[in-house]
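Here is the structure we will look at.
Just so you know, all these numbers are worked out from the coordinates, no wet-lab data involved. Keep in mind it's a predicted model, so treat the numbers as computed, not measured.
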Amino acid sequence: MKRGLFIVFEGPDRSGKSTQAKLLAEWLKKKKKKVILTREPGGTRLSEKIREILLDPKGRIEPLTELFLYETSRIKHTLSIILPALKTGKVVVSDRFTMSTTAYQGYGRKIPIKTVETLNNLATCALKPDLTVVFNIPDRVFNERERLAQKLFGPDRMERESSQFRRRVNKAYKILSSRPGVVRINAVKSIEEIHTEIINIISNRFGFK
Ligand SMILES: Nc1ncnc2c1ncn2[C@@H]1O[C@H](COP(=O)(O)OP(=O)(O)OP(=O)(O)O)[C@@H](O)[C@H]1O
Ligand SMILES: [Mg+2]
């Protein structure tokens, strides 16, 4: 039986997830909640090893291999960190979870969304977050950053490919943030403003004072 609270931070690269996950965990601790701050891929020894493989820029990994590595890491993370903590009534704050795989491997790498979500369910015993906070980067800001990156790194083939990939991921988060149980945050606001917005949402939803 799940008794705790599961809060997940999602969004494109460099959108502010880790910054806000940390601030929320600190705020919850001040409220005397028992908090676990964790991240994906990672959170356990095995999962951190898989993270190293996934984030190694030298390794070229096929989309399906990438998908299975994320899910493998997620099984361990869910079974040995998240579920036990929730069972004992803790608040678990996770920096990324299943929505990342839907956005990056599904929309980004074009693996059918249904396949990704079937594996997401299997890897997590169908665990769903109580709240997913999704950071959205407005198109105007996204395009501006991409233009800057093109200027800095040049429009070579790889960069164009990854630019298209980033565009699909950014769009995916916009689509996914209209799902139930999700709140959308404008990532362009200040760190303080966003933190206040998040603690207001959490206080109202879950009755924290
Ligand atoms: N609201 C904000 N406004 C301006 N800068 C921010 C904001 N939030 C975070 N930053 C800064 O942007 C950078 C990226 O933030 P952060 O690491 O939290 O993003 P992330 O989504 O976790 O990134 P990654 O996907 O790489 O893990 C950091 O240098 C952070 O200090
Ligand atoms: Mg981060």
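Side notes on the structure shown:
- Volume in Å³ per residue [convex hull over Cα atoms, computed for the range 101-208]: 118
- Axial C-alpha extent at least 18 Å, average Kyte-Doolittle at least -1.0 - helices from the chain (DSSP): 17-30, 63-77, 191-206
- Relative contact order [Cα under 8 Å, 6+ residues apart], the range 64-209, whole percent: 26
- Helix content alone sets the calculated 222 nm mean residue ellipticity of the chain: runs of n ≥ 4 DSSP H residues at -39500 (n - 2.57) each, divided across all residues, give -16500 deg cm²/dmol.
- Sequence-distant contacts, meaning Cα pairs under 8 Å at least 6 residues apart, place the relative contact order of the range 17-75 at 29 percent.
- Once the chain from residue 200 to residue 31 is taken as fully extended at 0.36 nm per residue, the excess over their C-alpha distance is 59.5 nm.
- Reciprocal mean inverse distance between Cα atoms of the chain - Kirkwood radius, Å: 17.8
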